[in-house]
Amino acid sequence: MASPSALSRCVVSPTGKHTASLIFLHGSGDSGQGIKSWIREILKQDLAFEHIKVIFPTAPAQPYTPMMGEMSNVWFDRYKISMDSCENLESVDSMCQILTNLINDEVKTGIAKNRILLGGFSMGGAMAMHLAYRFHRDVAGVFALSGFLNKDSVVYKEIKEVKCRLPELFQWHGNADTLVLPQWGEETNKILKSLGVTTTFHSSPNMYHELNLRELHHLKAWILKQLPTDFTGAQKSQVL
């Protein structure tokens, strides 16, 4: 596994005072620059906010089993792309440690944990759910676009053992997705909701394994709901 220092990233800086951060994780085989450009192509502008720094890290290259062990930029290795597959926890947990360093970098600049959002597309969404619901339950929220958790995910098992507030989840899925089946996303949402997570699940007709304009507009509105421009002294108290 690559070291934390090898985790490259690109950033969309806030247009005003930086009071919140968003970490957006790409899908398998992509890059931070790749998904940033994809979003810009759809929105005709960057995913930008007055007060939120948007960070697009790139997963390190590692052997990826579904590609016959070929090297690919993936957040973790998986045995196969299926909800019924077992999780490769060693791979997932190793990356959670690396991404924790990225979260800690934001905290060191004075951004409170409850002013940080985690999310991603496809594998990036799964990674974000592991990161938030297992290791960083005090973040502002989580989003998973065309993503899912395995049927017997350790995320479910660990959530059952806690009584604290859990980050709100925003999910979106194309109902014509043939790579990550929409029912996988729906089942993930259903299980997390049954475990006490506040969730929203949206779907787009005739949408494949992709992003679309309606989805991104709804996501932006949800992000601003979780990370409003005006907030109490939570950030200030974090650094005192």
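The values are calculated or read from the model by the stated rules, or taken from the named source; none is laboratory data. Predicted model, so just to flag it, every value in this text is computed and none were measured. In this analysis, Cβ positions are derived from the backbone assuming ideal geometry, glycine residues included, and neighbour counts consider all displayed protein chains. Keep in mind that these areas ignore ligands, DNA and RNA; they rest on the heavy atoms of the full protein, side chains included. Shrake-Rupley method; radii C 1.70, N 1.55, O 1.52, S 1.80 Å.
Worth a mention:
- Some residue of segment 45-65 being touching a Lys or Arg at 6+ places or on another chain (Cβ under 6 Å) and of a type in the set (G, A, S): no
- Number of residues in segment 170-179 that are surrounded by 24 or more Cβ atoms within 10 Å (Cβ to Cβ) and of a type in the set (A, V, I, L, M, F, W, C): the value is 2.
- Which numbered condition S94 fails, given (1) surrounded by fewer than 19 Cβ atoms within 10 Å (Cβ to Cβ); (2) within 13 Å of the chain's Cα centre (by Cα); (3) among the small types (G, A, S): (2)
- Scan of segment 172-193 for residues that are in a helix (DSSP H, G or I), in contact with a strand residue (DSSP E or B) (Cβ under 7 Å, 6 or more places away or on another chain) and of a type outside the set (A, V, I, L, M), ordered by number: P182, G185, E186, N189, K193
- Residue selected from segment 99-145 under the condition in contact (Cβ under 8 Å) with a residue 60 or more places away in the chain, in a helix (DSSP H, G or I) and out of contact with any strand residue (DSSP E or B) (no Cβ under 9 Å at 6 or more places or on another chain), by the criterion surrounded by the fewest Cβ atoms within 10 Å (Cβ to Cβ): N101
- Among the residues making up segment 190-223, those that are among the aromatic types (F, W, Y) and open to solvent by 50 Å² or more (accessible area, probe 1.4 Å) are F201, Y208.
- The set of residues from segment 143-181 being small (G, A, S), over 14 Å from the mean Cα position of the chain (by Cα) and over 15 Å from V92 (Cβ atoms) comprises G174, A176.
- Any pair with Cβ under 8 angstrom, 6 or more apart, that starts in segment 167-178 at a residue that is in contact (Cβ under 8 Å) with a residue 60 or more places away in the chain and charged (D, E, K, R) and ends at one that is open to solvent by 10 Å² or more (accessible area, probe 1.4 Å) and in a loop (DSSP other than H, G, I, E, B): none
- Evaluation of Q238 against (1) at pLDDT 95 or above; (2) assigned to a helix (DSSP H, G or I); (3) open to solvent by 20 Å² or more (accessible area, probe 1.4 Å); (4) of a type outside the set (A, V, I, L, M) (one fails), failing number: (1)
- Extreme residue, surrounded by the fewest Cβ atoms within 10 Å (Cβ to Cβ), among residues of segment 30-64 that are touching an Asp or Glu at 6+ places or on another chain (Cβ under 9 Å) and of a type in the set (D, E, K, R): R40
- Residue in segment 65-84 that is least open to solvent (accessible area, probe 1.4 Å), counting only those that are modelled with pLDDT of 90 or more and among the hydroxyl-bearing types (S, T, Y): S72
- Single condition D230 does not satisfy, out of (1) touching a residue at least 12 places away in the same chain (Cβ under 8 Å); (2) open to solvent by 20 Å² or more (accessible area, probe 1.4 Å): (1)
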